[in-house]
1. Does Ser96 count as more than 16 Å from the ligand (Cβ to nearest atom) and in a helix (DSSP H, G or I)?
2. Name the residue, out of Thr329, Thr285, Thr273, Thr290, that is farther than 30 Å from Pro140 by Cα and hydroxyl-bearing (Ser, Thr, Tyr).
3. For segment 197-226, how many residues meet the condition of being more than 16 Å from the ligand (Cβ to nearest atom), modelled with pLDDT of 95 or more and surrounded by fewer than 17 Cβ atoms within 10 Å (Cβ to Cβ)?
4. Looking only at segment 268-291, count how many residues are out of contact with any Leu (no Cβ under 8 Å at 6 or more places or on another chain), more than 12 Å from the ligand (Cβ to nearest atom) and outside any loop (DSSP other than H, G, I, E, B).
5. Can you tell me which residue is nearest to Glu23 (Cα to Cα) among those in segment 70-116 that are out of contact with any strand residue (DSSP E or B) (no Cβ under 8 Å at 6 or more places or on another chain) and among the hydroxyl-bearing types (Ser, Thr, Tyr)?
6. Does Gly57 satisfy being within 19 Å of the chain's Cα centre (by Cα), modelled with pLDDT of 95 or more and of a type outside the set (D, E, K, R)?
7. Which residue pairs have Cβ atoms under 6 Å apart, sit 6 or more places apart or on different chains, and have a first residue in segment 23-45 that is under 15 Å from Gly189 (Cβ atoms) and among the basic types (Lys, Arg) and a second that is assigned to a helix (DSSP H, G or I) and at pLDDT 95 or above?
Amino acid sequence: DWVMKDHIAEAVEAIRAQVGDEEVILGLSGGVDSSVAAALIHRAIGDQLTCVFVDHGLLRLNEGDMVMDMFEGKLHAKVIRVDASELFLSKLAGVSEPEQKRKIIGGLFVDVFKAEAAKLKAAGGGHKGATFLAQGTIYPDVIESGGAKSKKAVTIKSHHNVGGLPEQLGLKLLEPLRDLFKDEVRELGVALDLPREMVYRHPFPGPGLGVRILGEVKKEYADLLRRADAVFIEELRACIDPATGKSWYDLTSQAFTVFLPVKSVGVMGDGRTYDYVVALRAVQTSDFMTADWAELPYSLLKKVSGRIINEVRGINRVTYDVSSKPPATIEWE
Ligand code: XMP
């Protein structure tokens with residue numbers, strides 16, 4: 001539409017004016033905001049943008065490849081993929097307390113990003129390297145970090161974010177989505193030719209599967225969880241609600257699978273199994289501050305549980321989380 005085209009043209013001009021002939025780095029996560037920011041900035045300044053994609057090993061099935069296919073393959077943006085999964089897993093070994101896990105993941109993320117930024121600078125030869133750090137900060141983030149702090153006496157969960165990075169790196173900030181609400185960011189993404197599927201994805205927390213594997217994080221658990229979650233998401237997308245014509249993926253605000261490091265007894269063929277349990281979580285919310293568990297059709301739950309137990313050896317029981325927020329939170333950790 002025209003309004004969006006105008007907005008893109010204006011934003012592109014503003015980015016060019018701000019950046020000039022300098023270089024920009026951006027932390028790409030695969031989430032909606034950083035993806036749309038990357039696509040917009042790339043449209044404006046092309047190869048003056050370098051995206052750094054830190055793979056912490058706690059992403060969803062094939063997510064890393066999908067991000068690379070999109071940004072490097074289709075948009076031809078410069079993307080550095082850093083496979084830091086072994087580093088993250090080794091530092092998380094033996095740690096089961098949720099806040100401690102969040103702090104480790106957030107801290108490592110900053111370390112890895114800083115190291116990449118330094119490498120880029122060194123590789124530049126006489127060239128001064130990036131002088132701007134781009135972030136996909138959107139308007140609700142701006143308000144939240146301005147006002148909410150004083151009101152909140154207790155930290156429920158320390159959010160993974162890269163606030164403070166620009167100062168630490170000595171970089172100027174480039175935040176082209178600062179004035180936009182989430183739905184505007186999505187429209188902008190579509191207008192920039194990002195696939196609808198990517199732009200309308202449910203939110204995914206920065207610490208990734210790290211907060212969806214209860215207690216200690218292990219590679220074995222992450223691999224099982226990735227496969228189970230892929231089944232759940234695939235079936236949510238495939239199941240169309242006749243009343244609205246929408247898929248249950250689009251009818252929920254967030255849906256995912258949680259790995260419980262608990263074993264229960266089952267029976268398969270004429271054998272006994274003693275395997276892990278997963279919980280399916282699906283919620284509907286307008287602001288993520290409160291949320292209702294989604295009344296998914298039983299037929300959908302039945303199909304998902306049947307497929308997970310049959311296809312993911314190592315999981316023999318599937319449960320559905322019927323807790324709303326409050327008092328439960330959306331993520332389990
Ligand atoms: P809770 O679990 O607190 O989650 O009800 C509310 C929303 O926040 C997301 N979430 C995060 N997002 N970094 C993020 O970017 C984080 O560390 C983080 N922790 C939770 C959660 O997925 C839900 O959408």
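The values are calculated or read from the model by the stated rules, or taken from the named source; none is laboratory data. What you are looking at is a predicted structure, and each value in this text was computed from that prediction instead of being measured. No Cβ is skipped: glycine too gets one built from the backbone with ideal geometry, and neighbour counts run over all protein chains shown.
1. Working: more than 16 Å from the ligand (Cβ to nearest atom): yes; in a helix (DSSP H, G or I): no.
Here the answer is no, as Ser96 does not meet what is asked.
2. Numbers: Thr329 fails: farther than 30 Å from Pro140 by Cα; Thr285 fails: farther than 30 Å from Pro140 by Cα; Thr290 fails: farther than 30 Å from Pro140 by Cα.
None of the others qualify; the one that does is Thr273.
3. Within segment 197-226, the subset more than 16 Å from the ligand (Cβ to nearest atom) is 197-199, 215-216, 218-224, 226.
Next cut, modelled with pLDDT of 95 or more only: 199, 215-216, 218-224, 226.
Okay, now just the ones that are also surrounded by fewer than 17 Cβ atoms within 10 Å (Cβ to Cβ), so 215-216, 218-220, 223.
So the answer is 6.
4. Count: 6.
5. Taking segment 70-116 and keeping what is out of contact with any strand residue (DSSP E or B) (no Cβ under 8 Å at 6 or more places or on another chain), we get 70, 73-76, 86-108, 110-111, 114-115.
With among the hydroxyl-bearing types (Ser, Thr, Tyr) added as a condition, the list becomes 90, 96.
Working: Ser90: 33, Ser96: 40 Å.
Restricting to residues being out of contact with any strand residue (DSSP E or B) (no Cβ under 8 Å at 6 or more places or on another chain) and among the hydroxyl-bearing types (Ser, Thr, Tyr), the top hit is Ser90.
6. Working: within 19 Å of the chain's Cα centre (by Cα): yes; modelled with pLDDT of 95 or more: yes; of a type outside the set (D, E, K, R): yes.
In short, yes.
7. Arg43/Val12
Every residue, every condition in (1) of a type outside the set (D, E, K, R); (2) in a helix (DSSP H, G or I), yes or no:
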site: Gly57; (1), (2): yes, no
site: Asp65; (1), (2): no, yes
site: Arg81; (1), (2): no, no
site: Lys91; (1), (2): no, yes
